[in-house]
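Any read-out appearing in this document is the output of simple, stated calculations on the displayed coordinates, not a laboratory observation. Note that this is a predicted model, so its numbers are computed, not measured. With ideal geometry, Cβ positions are generated from the backbone for all residues, glycine too; neighbour counts draw on all protein chains shown.
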C-alpha cells in the first residue's frame, strides 16, 4: 500500500448496511473528516444513479469514500477511470461507460454514485460510492440481470483476493484524485476518452424532455457527452449504447 493523500482512512468495515452512501452522508453531516471510507459486506438498500436499486450481496465490493475536495467536476468519470485501471491490471478489458458505469464488453461490472453538498459557494463534502462485482457467481445475480452483469471472478475464471484488489483500487482512486487536484478534469480527459466505450457509438438518451437517438462524438472539457449533431448532455436519466 502506498501513502495515500486523499483516502487516508480510517476504513470502517461492516457486515451489513442499508447503504454505504446513506451512512456516509450521515457521518459527513456530523463533521467526519475527509478520507473516511465505509465498507459493507452487503447492502440491503444499495443505490445507483437516480435512486435506482443496486444489487449488492456478499461477494462484491461496496464502499463509499468521504471527500472534501475543491471541485467535484467529473468526479464520477475519474472514479470510473480508477476502476478501469485497477481492473485492466488484472488482464480484464474493462471500459468506462459514460457517465458512471464500468463494463466488460456489454456486461456491467461496476457502478459509481457521487453526491455532494455545498456550503455557500464552495464544496462542503462529496461522497464517492462504488459498487463493483468481485467474486459474484452467475447464480448470485437476479435472473433478469444474468445476461447484463459480470464480475471479476467470472471474467478471470476463478475467485480472486478481494482485499488485494480493494487496496489496488484505493491506490488508483487516490492517484486520480491527486491528478484531479493538481490539473482538474482536463488533465485526465485524454485517458478517460481512450477508455470510454460510449464514444463513437449510437446511443439512446433519455431525459425529462424525451428521448434522443444519435451517435456520440467525444467528451467535452467539462465531461459532458457531445453528440455528432452538436448536442451536449451533462446529466441524463439514462443512456443506452445501441448495436451498430
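Points worth noting:
- Theoretical ellipticity at 222 nm over the chain - DSSP helices of four or more residues, -39500 (n - 2.57) apiece, nearest 500: -7500 deg cm²/dmol
- In this rough spin-label picture, where each label sits 7 Å from Cα along the Cβ direction, the residue 145-residue 16 distance is 1.8 nm.
- Its relative contact order, with pairs defined as Cα atoms under 8 Å and 6+ residues apart, puts the range 202-241 at 42 percent.
- Averaging the Cα positions of each part gives two centres, and for the range 192-244 and the range 60-121 these lie 17 Å apart.
- Prolate/oblate/rounded call for the range 132-215, Cα gyration tensor, a/c under 1.5 rounded: oblate
- Each 10 Å bin from zero holds the following percent of Cα-Cα pairs in the range 202-241: 32, 62, 6.
- The range 9-37-the range 124-166 distance, computed between alpha-carbon centres (Å): 21
- Distance in nm between pseudo-label sites at residue 206 and residue 119 (7 Å out along the Cβ direction from Cα): 3.8
- Mean separation of Cα contacts under 8 Å, 6 or more apart, over the residue count of the chain: relative contact order %: 17
- Whether the range 11-195 is rounded, prolate or oblate, judged on the alpha carbon gyration tensor where a/c under 1.5 counts as rounded: oblate
- Label zone at residue 194 (point 7 Å along Cα-to-Cβ), backbone N below 15 Å, the range 74-96: 81-89, 94-96
- Taking a ≥ b ≥ c as the square roots of the eigenvalues of the alpha-carbon gyration tensor, the range 117-179 is classed oblate because a/c is 1.5 or more while a/b is no larger than b/c.
- Label-to-label distance, residue 90 versus residue 4, with points set 7 angstrom from Cα along the beta-carbon direction: 1.8 nm.
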